[in-house]
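To keep things clear, I will list the structure first and then write my remarks on it.
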Amino acid sequence: MSTFALKIIAVVTMLIDHAAVVFIPSNTMLYLICRIIGRLAFPIFAFLLVEGFFHTRNVKKYLARLGVFALISEVPFDLAFYNKYMHWDHQNIFFTLFLGLMAIYLINFVEKKYVAKPVFVNIANALITVVFCFTAALIKADYRAIGILLIVAFYLFRGNKPLLIISMIIISGSLIQAFYTLSLIPIFLYNGKKGRNIKYFFYVFYPAHLLILYLIKLIV
């Protein structure tokens, strides 16, 4: 399964999840099913973020893109889910991805610089993870600390399927959230190939689909 295929799966499941939040009453079975389907999206995006980190030629530009689209997406995010132009109690997923990328960037830097000091590296990496988990919780980024832990897990256990499965189960924290382990099925089918190039598709799709959902809600 290529990067392109994984992105499509993530985008479709995310759309189902967000449409359920906007249009379907939360006390229905259909809402629950759609939310469970939606749990597949973020782990795939987290996995692709880590893969992108290892393949990008410029991490700083990668961070800049995430930061810019975090700002662009915030108003559509707040309108779609809270009917407000600004809602400070919940920030969109780009903030989580930005913080996660920064965390693994620093972890990677420490691992390379202090390769001869494994104990120090482990302590430093744990501290980096805690700091970014706290930051995600503080700014109330989507998925908060769980999002950062997932990204770090995909980085630390890259290529180690048993540890990745165990870490995802531990991190989940709730029964519904635990369904995100199903995302490992397409992730483990990843063949390392890029597939069709849609580099900026998700960047544009994310704020666009949120704005469209909001406009449909206004009409309906």
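The values are calculated or read from the model by the stated rules, or taken from the named source; none is laboratory data. These figures come from a predicted structure and were not determined experimentally. Every residue, glycine among them, receives a Cβ derived from its backbone with ideal geometry; neighbour counts consider all protein chains shown.
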The number of residues in region 32-90 that are surrounded by fewer than 16 Cβ atoms within 10 Å (Cβ to Cβ), of a type in the set (A, V, I, L, M) and within 22 Å of SER2 (Cβ to Cβ) is 0
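Being of a type in the set (Gly, Ala, Ser) and not in a loop (DSSP other than H, G, I, E, B) is the filter; apply it to region 113-134 and report the residue that is surrounded by the most Cβ atoms within 10 Å (Cβ to Cβ).
Filtering region 113-134 for residues that are of a type in the set (Gly, Ala, Ser) and not in a loop (DSSP other than H, G, I, E, B), the one surrounded by the most Cβ atoms within 10 Å (Cβ to Cβ) comes out as ALA124.
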Looking at PHE47, PHE98, PHE4, can you tell me which residue is in contact with a Leu (Cβ under 7 Å, 6 or more places away or on another chain), in a helix (DSSP H, G or I) and under 19 Å from PHE202 (Cα atoms)?
PHE98
Can you tell me how many residues in region 50-64 are assigned to a helix (DSSP H, G or I) and out of contact with any Leu (no Cβ under 7 Å at 6 or more places or on another chain)?
9
Would region 83-91 turn up any residue that is in a helix (DSSP H, G or I), modelled with pLDDT of 95 or more and either on the phi < 0 side of the Ramachandran plot or aromatic (Phe, Trp, Tyr) (or both)?
no
Give the residue that is nearest to ALA70 (Cα to Cα), with candidates limited to residues of region 151-176 that are out of contact with any helix residue (DSSP H, G or I) (no Cβ under 7 Å at 6 or more places or on another chain) and of a type outside the set (Val, Ile, Thr).
LEU156
Test: residue in region 114-130 that is touching a residue at least 60 places away in the same chain (Cβ under 8 Å) and under 22 Å from PHE54 (Cα atoms)
no
Please go through (1) under 19 Å from the mean Cα position of the chain (by Cα); (2) charged (D, E, K, R); (3) modelled with pLDDT of 95 or more for GLU111 and return the number of the only condition it doesn't satisfy.
(1)
